[in-house]
1. Could you tell me which of the residues LEU133, LEU120, LEU83, LEU126 is at pLDDT 90 or above, within 16 Å of ligand 2 (Cβ to nearest atom) and among the hydrophobic types (A, V, I, L, M, F, W, C)?
2. Restricting attention to segment 103-137, and to residues there that are in a helix (DSSP H, G or I) and without any contact (Cβ under 8 Å) to a residue 24 or more places away in the chain, which single residue is farthest from ALA24 (Cα to Cα)?
3. Let me confirm something: among ASP112, ASP137, ASP89, which residue is within 24 Å of GLU176 (Cβ to Cβ) and of a type outside the set (Phe, Trp, Tyr)?
4. Can we say ALA10 is out of contact with any Pro (no Cβ under 8 Å at 6 or more places or on another chain), closer than 22 Å to HIS152 by Cα and either at pLDDT 95 or above or assigned to a loop (DSSP other than H, G, I, E, B) (or both)?
5. Considering each residue of segment 39-50, count those that are under 8 Å from the mean Cα position of the chain (by Cα) and near ligand 2 (Cβ under 10 Å from one of its atoms), and give that number.
6. Looking only at segment 160-211, filter to residues that are small (Gly, Ala, Ser) and within 16 Å of ligand 1 (Cβ to nearest atom); which one of those is nearest to ASP3 (Cα to Cα)?
7. Please work out which residue is nearest to ligand 1 (Cβ to nearest atom), limiting yourself to segment 61-81 and to residues that are assigned to a strand (DSSP E or B) and without any contact (Cβ under 8 Å) to a residue 60 or more places away in the chain.
8. Within segment 74-128, count every residue that is of a type in the set (Ser, Thr, Tyr) and within 20 Å of PRO17 (Cα to Cα).
Amino acid sequence: MDDLDLSERARKLFAGPIDFLKSAPGLEFLPDAEAPEVAFAGRSNVGKSSLLNALTNRKTLARTSNTPGRTQELNFFDVGQPLTMRLVDMPGYGFAEAPKDMVKRWRFLVNDYLRGRQVLKRALVLIDSRHGLKPVDREVMDMLDEAAVSYHVVLTKADKVKPTELDATLAVTLEETMKRPAAHPQLFATSSETGRGIPELRTAIVEAAAV
Ligand code: GTP
Ligand code: MG
């Protein structure tokens, strides 16, 4: 399939039926592995849920908030009818104010899911354009590299930085990403506010899910 076909297919798929399926507070609550999955990972407040909403063109499909720690379970969304693939919104890696045992529980849940899910086709590792890669992002990337889980690094909130700053962050992030065995060597600069990078990311998701 050529690139144009793929982007048109992605556009159509994301404009069609997309529905919340279920929330899984633990691995025993995961839905049956019956479709390819693409999961959103990243620090709390980086914009995972907002990006899912922007990709699906729905304002309130995934719940977002100004306060870090909004998403506390693995949330599964069915894309396409008949079911074509699933998007998985996940809790953030944690933040200073959250109770330690809660953060630990989220971290175990996210890591166990990422490492062990057979139908997971790609993880999206979201990085705030204003902050770049932080130690906790590198820990997650190390884990994905070790588990050979393919991932894309996605810069979020691109509308919040000046173009020169964004270019600089893109360059250093790409340099680091290229050295990582399981990372896809294509970076995305996105904004859930302006829609920047959203069509390109839709195409990459459809390509990753091979649907
Ligand atoms: P947790 O579920 O707590 O881990 O957070 P999250 O990563 O899902 O972040 P969420 O999508 O809830 O967004 C956090 C805050 O950032 C909200 O106030 C969003 O409105 C804001 N935000 C998200 N994406 C963007 C963006 O592209 N641009 C701007 N300006 N704000 C954004
Ligand atoms: Mg969230």
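1. Numbers: LEU133 fails: within 16 Å of ligand 2 (Cβ to nearest atom); LEU120 fails: within 16 Å of ligand 2 (Cβ to nearest atom); LEU83 fails: within 16 Å of ligand 2 (Cβ to nearest atom).
When all the criteria are applied, what remains is LEU126.
2. Within segment 103-137, the first condition is being in a helix (DSSP H, G or I), and the residues that meet it are 103-116, 135-137.
Now drop any that are not without any contact (Cβ under 8 Å) to a residue 24 or more places away in the chain, which leaves 103-105, 107-108, 135.
Numbers: VAL103: 16, LYS104: 16, ARG105: 13, ARG107: 14, PHE108: 13, PRO135: 27 Å.
Among them, the one singled out is PRO135.
3. Numbers: ASP112 fails: within 24 Å of GLU176 (Cβ to Cβ); ASP89 fails: within 24 Å of GLU176 (Cβ to Cβ).
Within the list ASP112, ASP137, ASP89, the selection yields ASP137.
4. Details: out of contact with any Pro (no Cβ under 8 Å at 6 or more places or on another chain): no; closer than 22 Å to HIS152 by Cα: yes; either at pLDDT 95 or above or assigned to a loop (DSSP other than H, G, I, E, B) (or both): yes.
It is false that ALA10 is out of contact with any Pro (no Cβ under 8 Å at 6 or more places or on another chain), closer than 22 Å to HIS152 by Cα and either at pLDDT 95 or above or assigned to a loop (DSSP other than H, G, I, E, B) (or both).
5. Let us first name the residues in segment 39-50 that are under 8 Å from the mean Cα position of the chain (by Cα), namely 39-42, 48.
In the following step, the residues that additionally are near ligand 2 (Cβ under 10 Å from one of its atoms) were identified as 40, 42, 48.
The qualifying residues number 3.
6. First, the residues of segment 160-211 that are small (Gly, Ala, Ser): 168, 171, 182-183, 189, 191-192, 195, 197, 204, 208-210.
Narrowing further to those that are within 16 Å of ligand 1 (Cβ to nearest atom): 189, 191-192, 195, 197.
Working: ALA189: 19, SER191: 22, SER192: 23, GLY195: 20, GLY197: 16 Å.
Among residues in segment 160-211 that are small (Gly, Ala, Ser) and within 16 Å of ligand 1 (Cβ to nearest atom), the one nearest to ASP3 (Cα to Cα) is GLY197.
7. To start, the set of residues in segment 61-81 that are assigned to a strand (DSSP E or B) comprises 74-79.
Going one step further and asking which of them are without any contact (Cβ under 8 Å) to a residue 60 or more places away in the chain, we end up with 74-77.
On the way: LEU74: 12, ASN75: 9, PHE76: 15, PHE77: 13 Å.
If we take residues in segment 61-81 being assigned to a strand (DSSP E or B) and without any contact (Cβ under 8 Å) to a residue 60 or more places away in the chain, then ASN75 is nearest to ligand 1 (Cβ to nearest atom).
8. Here the count works out to 1.
The values are calculated or read from the model by the stated rules, or taken from the named source; none is laboratory data. The structure displayed is predicted, hence computed values, not measured ones. Note that each Cβ is placed from the backbone with ideal geometry, even for glycine, and that neighbours are counted across all protein chains shown.
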